[in-house]
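Structure record follows, encoded as structure tokens.
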Amino acid sequence: MSLRGSRRGYVPILDDADTRHEDNQESHVGEDEYRRAGFIPRSKFDSLTALWLQLWTPTKATKRTSLEQDLVRRLDVFLMTFGCISQGIFINSLYLDQTNISSAYVSGMKEDLNLDGNELNYFTTFFSISYCLMLIPSQVIITYVRPSFWLPGLEIGWGFITALIALSQNARHVYVLRIFLGLFESSAWPGMMTLFMYWYTPTELAKRMGFYHSCQALGSMMSGALQVAILETLEGKFGIRGWRWLFIINGIMTLLIGAAGFFMIPDYPKLPNPRAFWLSQDHASMATERLDRHGRSDTKRITWASTKRTSKMWIAYFIPALYITTALGPYGYNYFNLFLKSLKNSDGSPRWSTEQVNAIPIAGGAINIVCVWVWAMLSDLFQTRWSLIVAQGVIGLIPSIIMSVWTAHPDTTPIFYAYAGYLMTFLSLGTAPLVMSWLSQLLPQDSEARTLIIGYSIAGLYAILTWSQVLIWPASQAPYYKFAWQLSIFFWLLVIIMCFGVHMAEKRYFR
């Protein structure tokens with residue numbers, strides 16, 4: 001008896017509702033043949049491997065044709081690898097660049113550039129303004145220009161700008177460079193999320209988005225580790241301070257991965273990248289079949305008509321609002337290192353060295369990575385998005401309440417609670433992949449609206465960050481923020497309420 005798949009692409013049991021009517025075309029496969037095919041493990045080690053594959057691949061009837069399996073495997077190896085490296089893993093380009101400013105600030109940049117106020121907040125503000133202004137135009141451009149040209153080209157640009165920050169002599173130089181950096185970085189995260197929606201199915205999507213998103217935490221961890229290594233080995237080398245070396249190394253590495261993107265990004269299923277040596281025409285045809293099987297449309301150019309249509313959708317406002325509030329709720333985790341830097345011993349000396357200030361937050365990044373993976377896998381396993389966002393909202397309330405108490409009464413509240421509060425904020429950083437997977441689930445046939453709403457969501461967040469983080473999380477108040485943690489409580493409550501609202505609307509209008 002053969003394990004060859006049906007024309008839908010996998011056998012013997014179909015894993016999606018729209019293909020269940022084809023059961024008559026599938027043959028029954030016995031246990032022995034499953035075992036010979038490798039689907040039934042022979043040992044405890046094989047059992048663990050099978051469990052991992054069951055979590056990473058669709059959870060119901062994972063049997064597919066060899067072509068489809070090969071397609072997904074190649075997407076994971078090339079598309080996911082490029083995205084993850086670009087996002088922060090291994091050479092730490094995108095997210096490492098953003099955390100470089102914070103790491104450099106506590107590692108000599110503050111003193112070298114004579115920064116004595118809220119310049120750190122303004123570095124983020126200028127970046128956020130340009131990032132926000134370019135984000136939606138970039139999402140439109142990516143429907144006209146091949147992503148394999150657009151995304152790597154932008155990455156090469158921000159590699160040059162990142163390296164130039166090492167030459168800064170004052171805050172004004174950094175402000176100008178951060179503006180250009182925001183322009184070049186604007187399409188990285190939303191562009192990759194958009195591509196994932198075209199290449200992965202609903203039972204695959206959240207896990208890949210979660211893995212990609214977790215590379216932000218990896219980038220943050222690597223930033224701290226890299227900063228420690230540079231301070232120990234390159235500080236003063238050739239007369240260059242350690243924090244300047246961080247930007248030089250980051251810029252060079254970003255240029256390398258940008259060049260690789262011309263070959264690693266597959267573009268779209270119906271318009272595959274001719275330079276993607278790893279993607280054959282058969283793979284592209286299978287990807288198109290997968291889109292059709294799951295009722296999803298391929299890419300379409302965004303026009304004024306599609307923009308007007310999207311603006312009339314209630315979901316074009318609810319999803320961005322949900323995304324923004326889930327990002328603002330745990331935002332205090334960004335300032336863990338400022339909390340550590342502010343602590344003093346009884347004699348007035350710093351409690352933690354510069355190396356320790358950069359190294360300790362790595363623990364929070366590790367918590368973040370594990371939790372993002374767990375949330376994403378559970379989402380695909382149970383095919384639910386909203387309930388797991390609510391769960392993170394409930395968990396996020398705990399550290400927000402703890403930190404609200406500690407900042408108001410630091411003399412009477414043990415410092416242990418502050419450490420615990422900061423570390424617990426990392427437990428609720430897995431919402432973004434679930435929100436974006438939910439968007440793909442709500443609008444499977446409207447690729448233009450999906451692309452625009454991703455842009456609205458992220459542009460809206462950065463539009464708020466341009467002014468809110470200066471007012472809510474001013475560096476001059478660190479770590480005793482006046483009302484920041486109280487606002488986090490409000491945001492998490494709002495997240496929970498909105499999730500229930502969107503879920504009720506989904507049941508009524510989308511099913």
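So in the stretch 388-412, with the set limited to residues that are among the polar types (S, T, N, Q) and either buried (at least 20 other Cβ atoms within 10 Å of the Cβ) or in contact (Cβ under 8 Å) with a residue 40 or more places away in the chain (or both), which one is nearest to Y331 (Cα to Cα)?
Ranking the qualifying residues of the stretch 388-412, first place goes to S400.
Does G329 meet the test of being in contact with a Gly (Cβ under 7 Å, 6 or more places away or on another chain), closer than 24 Å to M209 by Cβ, open to solvent by less than 40 Å² (accessible area, probe 1.4 Å) and not acidic (D, E)?
Considered against the rule, which asks whether it is in contact with a Gly (Cβ under 7 Å, 6 or more places away or on another chain), closer than 24 Å to M209 by Cβ, open to solvent by less than 40 Å² (accessible area, probe 1.4 Å) and not acidic (D, E), G329 comes out as yes.
Taking the stretch 334-385 as the search range and keeping residues that are under 19 Å from Y212 (Cα atoms) and among the aromatic types (F, W, Y), which one is surrounded by the fewest Cβ atoms within 10 Å (Cβ to Cβ)?
W373
Give A284, A206, A229, A276 a once-over and let me know the one that is within 27 Å of G365 (Cα to Cα), open to solvent by less than 10 Å² (accessible area, probe 1.4 Å) and of a type in the set (A, V, I, L, M).
A206
Select from the stretch 308-345 the residues that are under 13 Å from L452 (Cα atoms) and assigned to a helix (DSSP H, G or I) and list them in ascending order.
Those that are under 13 Å from L452 (Cα atoms) and assigned to a helix (DSSP H, G or I): K308, R309, T310, S311, I315, A316, Y317, I319, P320.
So which residues in the stretch 413-430 are closer than 13 Å to F339 by Cα and open to solvent by less than 20 Å² (accessible area, probe 1.4 Å), if there are any at all?
Within the stretch 413-430, A418, G421, Y422 qualify.
The values are calculated or read from the model by the stated rules, or taken from the named source; none is laboratory data. This structure is a prediction, so every number in the text was calculated from the model and none was measured. Reconstructed Cβ throughout: ideal geometry from the backbone, glycine too, with neighbour counts over all protein chains shown. Each accessible area value is taken on the protein alone, full model and side chains, heavy atoms only, with ligands, DNA and RNA left out. Shrake-Rupley method; radii C 1.70, N 1.55, O 1.52, S 1.80 Å.
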